[in-house]
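Nothing in this text is a laboratory measurement; each read-out follows from the coordinates by a stated rule. These figures come from a predicted structure and were not determined experimentally. Neighbour counts are summed over all protein chains in view; Cβ atoms, including those assigned to glycine, are modelled from backbone coordinates with ideal geometry.
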Amino acid sequence: MSKSDLRSLTLEKLGAELEALGERPFRARQIFSWLHSKYVLDIDEMTDISKGLREQLKIKFTLNNIKIVEKISSMEDNTVKYLFDIGDDIVIESVLMRYSYGNAVCISSQAGCRMGCTFCASTTGGLERDLTAGEMAQQIYEIQKDTGERVSNVVIMGSGEPLDNFDNVMDFLEIIHDKHGTGLSHRHITLSTCGLTDKIYRLAEKQLQITLAISLHAPNDDIRQKTMPVALRYSFDSVLKAAKDYANTTKRRVTFEYALIQGVNDSTENALELASRLRGIMCHVNLIPVNDVAEANYIRSSEKSIKAFAHTLSENNIETTIRRRLGSDINAACGQLRKRYKENRGG
Ligand code: SAH
């Protein structure tokens, strides 16, 4: 039997494991804080845990440590892209973005992705595997260690579809929020999904205070189905209905992400249709200039049409922002660095 990753256990699950070993609850808190507050990489580093218990832990558990293999800093801004080795020749990427309000890390939730969005570099090789909760948390921990700076915000917007790895992502959210660990506020976490509606309902039931971002990228089914195969499974209407339910249940405003692609989804007519469809939903639209991806010959909308699109939405009372493009010189967009690394290595 292969050993399971100790770092992926929530405090509650860790407590149950230790209880089974005849240990008291405070032991679980001690071990949890070694992992999620002191960020140790070896069970033997837990110096106030008896050697006997450490040996017992090592029989059943291991620490699946991810390692930095490459780091690229942007010359344009303070963005840093990290490539991590997660074992078995698989790499994932994370991005550190420095804002005036603090440091944000964009983490991956899967190695690769099986959603198939035509503009996205993460999906071209399919899904390699789900990441564990510990591997998601460790992307943040290792970046904090590397920079010596605290991470205050997390966006689950790197490679992968987080709701396609639902249980591990839920454990990750619990671990990262736990006050015995890093204690990150859920209000500082954004989860981005391509719109798996059944999972959005399940997430809403949990009543977490995280921000839900939905990648819409189109004002209707026709256009959405051309770029996002997931739109064939979940209709535009059903995605909006789930978003509305999420906002009503959690009282949190939903973000709709909309990457503007020239001639595909960026006309005034598209903006008007989008505005009319979003009316009545507590939401906000984040417009993203699409990043170039080698295999898709999509062209980024011009600055002028992005501004015009934003203007049309605002005029129709839809709150709109345009995303700043950080780290464009270092391939900071989803999956781009990982993809190039694999190509160069011939993998
Ligand atoms: N699977 C999730 C999260 C990962 S992608 C989702 O679909 O939301 C994070 C965001 O980046 C999504 O909005 C995605 O559509 C967008 N994205 C992917 N490739 C892009 C590109 N080439 N240019 C701009 N945005 C892109």
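Its relative contact order, with pairs defined as Cα atoms under 8 Å and 6+ residues apart, puts region 169-316 at 21 percent.
Relative to the Cα centre, the charge distribution of region 4-62, modelled as +1 at Lys and Arg Cβ and -1 at Asp and Glu Cβ, gives a dipole magnitude of about 60 debye.
Taken one residue at a time, the phi angles of region 99-105 give Karplus couplings (6.51, -1.76, 1.60, θ = phi - 60°) of 10, 5, 7, x, 9, 10, 10 Hz. Gly and Pro are set to x. For LYS206, the lysines whose Cα comes closer than 21 Å to its Cα, not counting residues fewer than 8 places off in the same chain, are LYS13, LYS179, LYS241, LYS244, LYS251.
Under a Cβ-Cβ cut-off of 14 Å, what is the net charge of the residues other than GLY280 that fall near it, where Lys and Arg count +1 and Asp and Glu count -1?
+2
Loop-resident trypsin sites (Lys or Arg not before Pro) (DSSP state other than H, G, I, E or B) in region 177-275 with no more than 11 further Cβ atoms inside 10 Å of their Cβ: LYS179, LYS251. Using Cα atoms only, what is the angle between the long axis of helix 51-60 and the major principal axis of the chain, expressed in degrees (0 to 90) to the nearest 10? Between helix and principal axis, roughly 50 degrees.
Axis of helix 25-36 versus longest Cα principal axis of the chain: the two differ by about 60°, to the nearest ten degrees. Converting phi to 3J(HN,Hα) with the Karplus coefficients 6.51, -1.76 and 1.60 and the offset θ = phi - 60°, region 247-255 yields 5, 5, 6, 9, 6, 10, 5, 8, 9 Hz in sequence order, with x at every glycine or proline.
Each Lys or Arg adds one and each Asp or Glu takes one away; over the other residues whose Cβ falls under 13 Å from the Cβ of GLY160, this sums to -3.
Annotation: amide H-H contacts under 5 Å for MET157 (H modelled 1.01 Å from N, sequence separation of 5 or more, or interchain): ILE107. Please report the antiparallel percentage of DSSP beta bridges with both residues in the chain, rounded to the nearest 5. Within the chain, antiparallel bridges account for around 45 percent of the total. From the largest down, the chain spans 69, 46, 39 angstrom on the principal axes of its Cα atoms.
Calculated [222 nm] ellipticity per residue, helices only, for the chain: -11000 deg cm²/dmol; basis is -39500 (n - 2.57) per DSSP H run with n ≥ 4, divided by all residues, nearest 500.
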